[in-house]
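Q: This is the structure I have questions about; it appears just below.
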Amino acid sequence: MADQELIIDSTEQERERPTDNDEQKKYYSGYKKKHSFKNMFITLPQGKDIVDVRLGDPGPTSDVSQFRAEQKKFSQDQQFRGDTGYQGEVQIRTPHKCSKKKELTAEQKDENIAFAKQRIYVEHVIRGIKIFRVAQQRFRLRASKYHQVIRVICGLSRFRISMLVLPNKTSLNNDTS
């Protein structure tokens, strides 16, 4: 896999408010203004498969912190492609970001557009997972069941992706008529 640049992205899912006060503080995301789980998905280029998932982190966990915890599973020379939430990591390529003093050049804007066209596949994979209501809306089951439920959904999504991506050896033009 080291020869391919994997695509990485994170998403949040709202959860029921925990009863324990310390747990409430741990899972409260100021960004979403809700209690949430944070999930990270790593996919192959063109969204052909889900390589890895990191599930159930507390909502305020940053994208790059999730990546650092998951990075040990991959080789040192593995490259990734992510959004601006992953800036600062050597192994992750991110789009150019304009500063307050200087705007992006036309060349940098074109590179960002090309970058987004290649990175959009992870968003499609996340959408495929969020087709299931239990992965899209507030998670109302016990928090201990979260990993199990989302992993089953990821498995169903992987099966769906494998059925959509036709194998190269299969030919639809074998008609002898």
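The values are calculated or read from the model by the stated rules, or taken from the named source; none is laboratory data. Predicted model, so just to flag it, every value in this text is computed and none were measured. So basically every Cβ, Gly included, is an ideal-geometry build from the backbone, and we count neighbours across all protein chains shown.
Q: Is one or more of the residues making up segment 26-36 over 30 Å from ASP77 (Cα atoms), assigned to a strand (DSSP E or B) and modelled with pLDDT under 90? So that I can check it myself, show each step before the final result.
A: Our first condition is that a residue be over 30 Å from ASP77 (Cα atoms); within segment 26-36, this holds for 26-36.
Retained after the next criterion (residues that are assigned to a strand (DSSP E or B)): 28-29, 34-36.
This time we only want the ones that are modelled with pLDDT under 90, so: 29.
Looking through segment 26-36, at least one residue is over 30 Å from ASP77 (Cα atoms), assigned to a strand (DSSP E or B) and modelled with pLDDT under 90.
Q: Could you look through segment 66-79, keep only residues that are surrounded by fewer than 19 Cβ atoms within 10 Å (Cβ to Cβ) and among the hydrophobic types (A, V, I, L, M, F, W, C), and pick out the one that is farthest from ILE161 (Cα to Cα)? Let's see the steps before the verdict.
A: Narrowing segment 66-79 to residues surrounded by fewer than 19 Cβ atoms within 10 Å (Cβ to Cβ): 68-79.
Filter again for among the hydrophobic types (A, V, I, L, M, F, W, C), leaving 69, 74.
Numbers: ALA69: 27, PHE74: 23 Å.
Going through the qualifying residues, I end up with ALA69.
Q: Does segment 43-62 contain at least one residue that is modelled with pLDDT of 90 or more, polar (S, T, N, Q) and closer than 13 Å to CYS154 by Cβ?
A: yes
Q: Follow-up question, since we're still on this one. Checking GLU5 against (1) farther than 21 Å from GLN137 by Cβ; (2) of a type outside the set (A, V, I, L, M, F, W, C); (3) under 11 Å from the mean Cα position of the chain (by Cα): exactly one of these is not met. Which one?
A: (3)
Quick grid of which residues meet (1) surrounded by 15 or more Cβ atoms within 10 Å (Cβ to Cβ); (2) within 20 Å of LYS145 (Cα to Cα); (3) touching a Cys at 6+ places or on another chain (Cβ under 8 Å); (4) not charged (D, E, K, R):
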| residue | (1), (2), (3), (4) |
| --- | --- |
| ARG15 | yes, yes, no, no |
| GLY30 | no, no, no, yes |
| LYS33 | no, no, no, no |
| SER36 | yes, yes, no, yes |
| MET40 | yes, yes, no, yes |
| PRO60 | yes, no, no, yes |
| VAL64 | yes, no, no, yes |
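Q: For segment 88-103, how many residues meet the condition of being surrounded by 11 or more Cβ atoms within 10 Å (Cβ to Cβ) and modelled with pLDDT of 90 or more?
A: Qualifying residue count for the region: 6.
Q: If a residue has to be β-branched (Val, Ile, Thr), more than 19 Å from LEU44 (Cβ to Cβ) and assigned to a helix (DSSP H, G or I) to count, how many in segment 81-125 make the cut?
A: Result for segment 81-125: 2.
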